[in-house]
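For reference, the structure is listed below as C-alpha cells.
The values are calculated or read from the model by the stated rules, or taken from the named source; none is laboratory data. Bear in mind that the values here come from a model prediction, so they are computed numbers and not experimental data. Quick reminder, even Gly has a Cβ in these numbers, built from the backbone with ideal geometry, and neighbours come from all protein chains shown. For accessibility, only protein heavy atoms count, side chains too; no ligands or nucleic acids. Shrake-Rupley method; radii C 1.70, N 1.55, O 1.52, S 1.80 Å.
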Amino acid sequence: MLRYLRENTGNWIIKFFLGIIVIVFVFLGVGSMNADKHNQVATVNDQAITFSEYRDAYQRMLQRLQQQFGTSLDDDLIKSLNVKQYAVNSLIDQKILEIEAQKLKIIVSDEELKQNLLSVKAFQKDGAFNMDLYKRVLGQNAMSPETFEAMQRNTIRNTKLQRMVINGITVGNQEAQAWYSFNNTKAGINYVLIDPVTFSDVFAGEEQIRSQYDDHHDLYMSEPKRKVAFLVFAPEDFEGQVKIDETSIRDFYDQNPAHFTTPEQVEASHILIRVNENADEKAVAKAKEEALSVYEKAVKAENFSELAKTYSQGPSAAGGGYLGRFDKTSMVKPFADAAFAMNAGDISQPVRTRFGWHIIKVTDRTPETVTPFETAKVQIEKELAASQVQDLAYNKAEDVYDAVLDGDSFEQVALVAAKQPVNTPAFTVLGTELKGMGISDPGEFATTAFSLVDNEISEVKKIGNNYYLIHVLEQIDPKLLAYEDVKNEIAVKLTAGLQKQAAKKAAASMLEKAGSDAASLEKLAGDNHLKIESSKMFTRNEAVVPGITGSEAIAQAAFTLDEKNPVYKKVLEASGKFYIIGLKEKQTPDAAVIADNLDKVKLQLETRKQQDYYSQWLAARKEKAEIRINTDIIN
C-alpha cells in the first residue's frame, strides 16, 4: 500500500485523499483539545463557517471543474485556480446574505420550498414530481435530500433578498437612448504616420555603444548553464515484454461501454433573448413577449439565420445562432430537453433557461451509435499495450531510484539500471542546446535540471512519455560577455531607441506648427513629404482603429474630436510608431434604429445596472462585516 501511494503521489486524486487523511488526523486527533475553535474555517460577525461546510463547498467546486476540464484537471490546475480561496469566499458571501436576510426577516416557508421542488423538471416523470427519481438524482450527485433542500431554501431566500435590494432600479427611455447612441456612434480618422525606421540617418556611434557596455555590465552577462547526466526509461523499450490477450480486450470493451458509444446528437441553431435568472416576473414576461414576436417571424418561413443575427443576444448571433452538433449533456437541461424532443426542421416556442428565452431550430438529428467489438478491438489492444509498457517503464525507473534512496552514486545507479548514462553539453534553462538528443521535451527537461543543486540526483521525472533520472554534473554561473560579441546587439538597440526619440521629436514639432482645422493636416503632410491615410469607421466597443496595431489610445482620442476640434492636440504612439490624427467623419445612430432597439437596450442596461448595484451592495456589507479566516485550515 505504501509503495502504491509513493508511486502515485503525482496523481491529484491520491494527493486529495492524502489531504483528507491529514485533515481527519488534525481534527479528530490533535485538534480535539480545542475542537470548536479549530472546526471553524472562518467567522463573519462571530457567526461560524464550519469545516464541514467548507469541505462540501470545495468538493462541489471540484466536481464542477471535473465536468469542465475532464482529465486535464490536476492538482497544479486546482492550485492555479485558487479553488480553496474561492470556496471560502463563496461561503463568506452566503453568510453575509444569511445575516442580511435575518435582519430583514426574510423567511422561506415549507410551502414555498415544496412548490420549488415540485417545479424542478429533473425530478419529474411524465410531467409530475417523482420521489424515487428525486432520491436517485440526488444520490447520483452524492447529496442527501436534507442537504439539497437546505441549499434550495438558501437559494430561494437569496433570490428574495436580491429582489428587495435591486427593487426600483430601472432604466428610462432617455438613459437607454443615450447609452445606445454612445456605444454605437462610429468614427473614422485621417492620420499622418511618423515611423522611426525612416530616420535612417540617426544611428549609434562607437562611443555610445562602448559607454552602454561599460555602464551596464549586468545586461551583458551569459545565461547560467547546467551540465547533467541522465538515464531514460522509455515505454518502447518494453514493448517486447507485453502481450494482450483476447480476454483482456473483451473485458475492457464490456467494462467501458461509454468509451465506444457516440450519444445521440442534434444539430441546431438558436435565438436568445436574455433575461436575468433572478429577474422579476415583469421582466421575464417582457422578454418572453419579445421572444414570441421573434418566434412568429421564424415560423412564417423567414430566414432563421438572419433573424438570429438581428435579434439574438447570445455569443452565437454573429454566426446566425448556429450551435453545431451536440449531445444532451452539452447544454443546460431545459434547452437540451426541448431540442431532443424536436424533429429536424422544427422550430420551438420560447424555452426558458438561466440565460433567458431561446427559440430553437433543429436542422438534423444523429442517433446513438455503438462501435462493434470487432471494429474496436485493434484500438483497444493498442491502448492496453501502451498502458502496460508505460507502467513497466515507470516501475523500472522506480526500482532504479530505490538505489538512489539507498545512497548509491549515479554510476552505481546506472549499473543497477543496466544503462549507459547520457551526458549533455552545457545548456540554458530554455534547453535549446538539447535538441537532437532524443529528449522528449528539452524545455521541461532543462527546467527540471535547473531545479536541482550541484551533484543532486532527481526523483523519477516523467517528461513526455518517458521517465528520467537526472544527475547534475556542473553548474555554470553567468559571466560577462566579450564586448565584440555583443557590440552589434547593443548598436541595434541603441539605434532603434535614438530613431524613436528623433521620430517623436519630429512629430511634436510638426504638430506644434500645424493649425487646428482639418485642412491643416493635409498641409502638415505635404510640407513634410508625408501622406495622409484614412481609417475605416469604428465604434468605441471595437477599442482599436482598423489597420493600426495597438491603437487603443488612438481610438479613445478619436471620439474626443468633433467639428470644432477636428485635430487631436497630442502626438499619439501605437506599437512604437507616432501618429497625428484628425477627424474624418463621425456617425451617430439614426433615431429610427434607436427606437427599434430601445426595449432590448433597456432590458440589457437594466440587468447590468441591477447586477452592478447588487455586487456593490454585497461588497459594502462585506467591508463592514468582521471577517476572520483560519488560514491554517485552508492551507
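Let me spell out the model: positive unit charges on the Cβ of Lys and Arg, negative unit charges on the Cβ of Asp and Glu, origin at the Cα centre of the chain. What dipole size does that give, in debye rounded to 20?
Rounded to the nearest 20 debye, it is 2520 debye.
Would you work out the relative contact order for the chain, in percent, from Cα pairs under 8 angstrom that are 6 or more residues apart?
Once divided by the residue count of the chain, the mean separation gives 23 percent.
Would you mind getting the Kirkwood hydrodynamic radius of the chain from its Cα pairs, rounded to one decimal in Å?
Result for the chain, one decimal place: 32.4 Å.
Of all trypsin sites (Lys or Arg not before Pro) in region 290-321, which ones are in loop regions per DSSP and have a Cβ with at most 10 other Cβ atoms within 10 Å?
Here the trypsin sites (Lys or Arg not before Pro) that fit, given the DSSP loop and packing criteria, are K300.
Of the listed pairs K135/K333; K79/K462; K95/K288; K125/K333, which have alpha-carbon separations greater than 23 Å here?
Result: K95/K288 exceed 23 Å.
Hey, got the dipole for region 433-511? About the Cα centre, +1 on K and R Cβ, -1 on D and E Cβ, debye to the nearest 20?
780
Cα-based Rg of region 547-597 per 2.2 N^0.38 Å, rounded to two decimals?
It is 1.43.
Just to check I understand the Karplus step: with θ = phi - 60° and J = 6.51 cos²θ - 1.76 cosθ + 1.60, what whole-Hz values come out for region 240-252, glycine and proline as x?
x, 9, 10, 9, 9, 8, 4, 5, 4, 5, 5, 4, 4
Identify, among H270, L219, A283, the residue whose Cα sits farthest towards the positive end of the charge dipole of region 213-333, taking +1 on the Cβ of Lys and Arg and -1 on the Cβ of Asp and Glu, with the dipole about the Cα centre.
Of the candidates, A283 comes out farthest on the positive side.
So, in Å, what gap is there between the alpha-carbon centers of region 489-521 and region 66-136?
That distance is 59 Å.
Using alpha carbon centroids, what distance separates region 300-334 and region 137-202, in Å?
21
What are the ³J(HN,Hα) couplings of region 161-170, residue after residue, when phi is run through the Karplus curve with 6.51, -1.76, 1.60 and θ = phi - 60°? Round to Hz, x for glycine and proline.
Per residue, the Karplus-derived 3J(HN,Hα) values read 4, 4, 4, 5, 5, 8, 4, x, 7, 10 Hz.
Any idea of the accessible area per residue across the chain, 1.4 Å probe, to the nearest Å²?
59
Summarise the accessible area of the chain (1.4 Å probe, protein heavy atoms) by the percent that is carbon and sulfur.
50
Sort largest first and round to whole Å: the equivalent ellipsoid semi-axes of region 384-496, each the square root of five times a Cα gyration tensor eigenvalue.
Taking √(5λ) for each Cα gyration eigenvalue gives 36, 18, 10 Å.
So how do 125-132, 618-625, 539-546, 346-353 stack up, highest first, on mean other-Cβ count within 10 Å?
Answer by packing, highest mean first, reads 346-353, 539-546, 618-625, 125-132.
At most 13 other Cβ atoms within 10 Å and a DSSP loop assignment: could you name the GluC sites (Glu not before Pro) in region 230-282 that fit?
Passing sites in region 230-282 are E264, E277.
By how many nm would the segment from T375 to A619 grow when fully extended, if each residue of separation counts as 0.36 nm and the alpha-carbon distance is taken off?
82.0 nm
Calculate the spin-label point distance for F559 paired with E474, positioning each point 7 Å from the Cα along the beta-carbon direction, and give it in nanometres.
Output for this residue pair reads 6.0 nm.
Hey, with R₀ at 41 Å, roughly what FRET efficiency would S575 and L405 work out to, going by the Cβ-Cβ distance, to 0.05?
Between S575 and L405 the formula returns 0.15.
Subtracting the Cα-Cα distance from 0.36 nm times the residue separation, let me have the gained length for Y483 to E368 in nm, one decimal.
Here the answer is 34.4 nm.
Could you list which residues have their amide H under 5 Å from that of G314, counting only those 5 or more apart in sequence or on another chain, with H placed in the peptide plane?
L272
Let me know the volume per residue of the alpha-carbon convex hull for region 185-285, in Å³. Provide the component values of the computation, followed by the final result.
Details: hull volume 58.7 nm³, N = 101.
In region 185-285, the Cα hull volume divided by residue count equals 581 Å³.
What number, rounded to the nearest 500 deg cm²/dmol, is the helix-based mean residue ellipticity at 222 nm of the chain, given -39500 (n - 2.57) per DSSP H run of at least four residues and division by all its residues?
Numbers: 23 runs with 316 residues, N = 635.
The helix-only estimate for the chain comes to -16000 deg cm²/dmol at 222 nm.
Taking the alpha-carbon set of region 510-569, what are its Rg and Dmax in Å?
Looking at region 510-569, its Cα Rg and Dmax stand at 12.4, 35 Å.
Work out from phi, with θ = phi - 60° and the Karplus expression 6.51 cos²θ - 1.76 cosθ + 1.60, the ³J(HN,Hα) of each residue of region 521-531, listed in order in whole Hz, and give x for Gly and Pro.
Once rounded to whole Hz, the list reads 5, 5, 5, 4, 4, x, 5, 10, 6, 10, 10.
Return the distance in nm (one decimal) between the two label points of a simple spin-label model at T588 and L77, each offset 7 Å from Cα along Cα→Cβ.
5.0
Can you give me the long-range amide H partners of T353? Hydrogens built in the peptide plane at 1.01 Å from N, cutoff under 5 Å, separation of 5 or more residues or another chain.
Hits under the 5 Å cutoff: H358.
Compute the distance from the alpha-carbon center of region 522-552 to that of region 407-473, in whole Å.
Taking the Cα centre of each part, region 522-552 and region 407-473 sit 53 Å apart.
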